[in-house]
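One structure is given below, encoded as structure tokens.
The values are calculated or read from the model by the stated rules, or taken from the named source; none is laboratory data. Here the structure is a predicted model, which is why all the values come from computation and not from measurement. So basically every Cβ, Gly included, is an ideal-geometry build from the backbone, and we count neighbours across all protein chains shown. Just the protein is used for accessible areas: all its heavy atoms, side chains included, with ligands, DNA and RNA removed. Shrake-Rupley method; radii C 1.70, N 1.55, O 1.52, S 1.80 Å.
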Amino acid sequence: MELEQARKLWQPQPGWLNTASYGLPPEPAWAAVQEALADWRTGRTSWEGWDDATRRSRAAFAGLVGVAPTDVTVGSTVSALFAPVAAALPAGATVVVPEVEFTSNLFPWLAQAERGVRVRTVPLDGLVDAIDADTDLVAFSLVQSADGAVADYHRIVAAARAHGALVAVDATQACGWLPFDAGLADVVAVGAYKWLMGPRGSALAYLAPALRERLRPDGAGWYAAEDPFSSYYGPPLRLAADARRFDQSPAWFSWIGTAPALELLAEIGVPAVREHDVRLANRFLAGLGRPPGDSAIVAVEVPGAQEKLERAGIRAAVRAGRVRASFHLYTTDADVDLALDALTG
Ligand SMILES: Cc1ncc(COP(=O)(O)O)c(C=O)c1O
């Protein structure tokens, strides 16, 4: 589907510039959730049908990031998807992380401190140089939540490989607008409620086959079984051979909203989304007299921003005097201009 055609599937209230907090559902996602909620309310269907949305989401996500569906696991949060990787780090391991990293890709490593796991935080632009022979894992966001900075994925991976370090990527603020190849890393986790435009409660991760061999499925339950639908009761342990052995049982309604949104993104194509999103971000930057960037998320210092935006009904994030604005499929030139009028008027 052409991007311009697809944009008719949203009806946002003008002034939503905060997809970095949560994304808005396209019409097919919203409709699917309403239908499932109505079924739930009256008990008119069994639950098995709801589960198909998890399968569809896994397949669509795998396609978006260029990996096999059998290498994708599903859960509810980014931090819990990283947890088995953190638990598998050898005692005394060193993890290198950018210093303003969102904590769901920091706390899982810090929580291993009692086993002697050490976390070094360094400036994002010094990450490549900080990777050395002592580094066991480098963990970073492909796009930073705080300011939209895009990490130099290929150089970071090359440095990690040169030193035998694992690579853990949080692509929550990237996946859906930035094309990338997840298969270069060892683990790539993504929360689906931002740029993938699902409800809160669905998250996916690529787990490289070689990494999986080192991980213990500490969270395994019936849904991680080779055949979940015949594994409700009793031993033995009979987990899936592929990445599904790390699955968490699905929050049904979250996945029901996630599948159509992911499939729509796949139809539109991420390169077209990037072009649209970055063009709007750069329109915003230009209006504030700033040079263009390469991200769908920008952070700029504007005195009195909070009040100015609130008065104009613009919803963006303001942190420590900096406006963080983010631009996605449903954002329009008019949204950008509304924000510029509010900030510069
Ligand atoms: C970069 C990034 N990762 C992860 C999350 C959410 O993490 P979790 O799913 O662990 O709540 C956010 C939410 O703001 C985020 O910005």
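If you average the alpha carbon positions of segment 228-299 and of segment 137-196, how far apart do those two centres end up, in angstrom?
Segment 228-299 and segment 137-196 have Cα centres spaced 13 Å from each other.
What shape does segment 98-216 take by its C-alpha gyration tensor, where a ≥ b ≥ c are the square roots of the eigenvalues and a/c under 1.5 counts as rounded, a/b above b/c as prolate, and the rest as oblate?
Here segment 98-216 falls in the rounded category.
Near Ser230, within a Cβ-to-Cβ distance under 13 Å, what is the net charge of the other residues, with Lys and Arg +1 and Asp and Glu -1?
Net local charge, Ser230 excluded: -2.
Measure of size requested: the Rg and Dmax of segment 175-246, with Cα atoms as the atom set and Å as the unit; please supply both.
When restricted to Cα atoms, segment 175-246 yields Rg and Dmax of 14.5, 44 Å.
Which one, Pro179, Val323, Thr70, projects farthest toward the positive side of the charge dipole computed for the chain from Cβ point charges (K/R +1, D/E -1)?
Selected residue: Val323.
Please identify the longest segment of the chain free of exposed chymotrypsin sites (Phe, Trp or Tyr not before Pro), where exposed means a DSSP state other than H, G, I, E or B and no more than 14 other Cβ atoms within 10 Å.
After excluding every exposed loop site, the longest remaining stretch is 48-231.
Find the Rg to Rh ratio for segment 48-266, where Rh is the Kirkwood radius over alpha-carbon pairs and Rg uses the same atoms.
In segment 48-266, Rg relative to Rh is 0.96.
As a test question: what accessible area, to the nearest 10 Å², does Val150 have when a 1.4 Å probe is rolled over all protein chains in place?
Counting only protein heavy atoms, the figure is 50 Å².
At 222 nm, what helix-only mean residue ellipticity would the chain give, in deg cm²/dmol to the nearest 500, using -39500 (n - 2.57) for each DSSP H run of four or more?
Taken over the chain, the calculation gives -10500 deg cm²/dmol.
Which net charge results when you count Lys and Arg as +1 and Asp and Glu as -1 among the other residues whose beta-carbon is under 13 Å from that of Gly92?
-1
Taking the Cα centre of the chain as origin, sum charge times position over the Cβ atoms of Lys and Arg (+1) and Asp and Glu (-1), and report the length of that vector in debye to the nearest 20.
Roughly 460 debye for the chain.
Beyond 16 Å, what share of the Cα-Cα pairs of segment 242-283 is found? Please give it as a whole percent.
So the pairs more than 16 Å apart make up 60 percent of the total in segment 242-283.
Given a 1.4 Å probe and every protein chain left where it sits, what share in percent of the accessible area of segment 186-339 is carbon and sulfur?
54
What whole-number value in Å² describes the accessible area per residue of segment 48-266 for a 1.4 Å probe?
Heavy-atom SASA per residue in segment 48-266 reads 38 Å².
Do you know the relative contact order of segment 48-266, to the nearest whole percent, from alpha carbon pairs under 8 angstrom that are 6+ apart?
Once divided by the residue count of segment 48-266, the mean separation gives 28 percent.
Looking only at GluC sites (Glu not before Pro) in DSSP loops with at most 16 other Cβ atoms within 10 Å, what is the longest site-free stretch of the chain?
With GluC sites (Glu not before Pro) excluded where exposed in loops, the chain gives 227-345 as its longest stretch.
If you add up the charges near Asp152, with Lys and Arg at +1 and Asp and Glu at -1, over every other residue whose beta carbon is less than 12 angstrom from its beta carbon, what do you get?
-2
Taking a ≥ b ≥ c as the square roots of the eigenvalues of the Cα gyration tensor of segment 215-345, is the shape rounded (a/c under 1.5), prolate (a/b larger than b/c) or oblate?
Prolate, because a/c is 1.5 or more and a/b exceeds b/c.
Please check: in the Gaussian network model of the chain (C-alpha springs, under 10 Å), which one of Pro303, Pro26, Pro217 has the largest mean-square fluctuation.
Maximum among the listed residues: Pro303.
Compare Gln248, Gln11, Gln144 in a GNM of the chain, Cα atoms joined below 10 Å, and give the one with the largest fluctuation.
So, out of Gln248, Gln11, Gln144, the one fluctuating most is Gln11.
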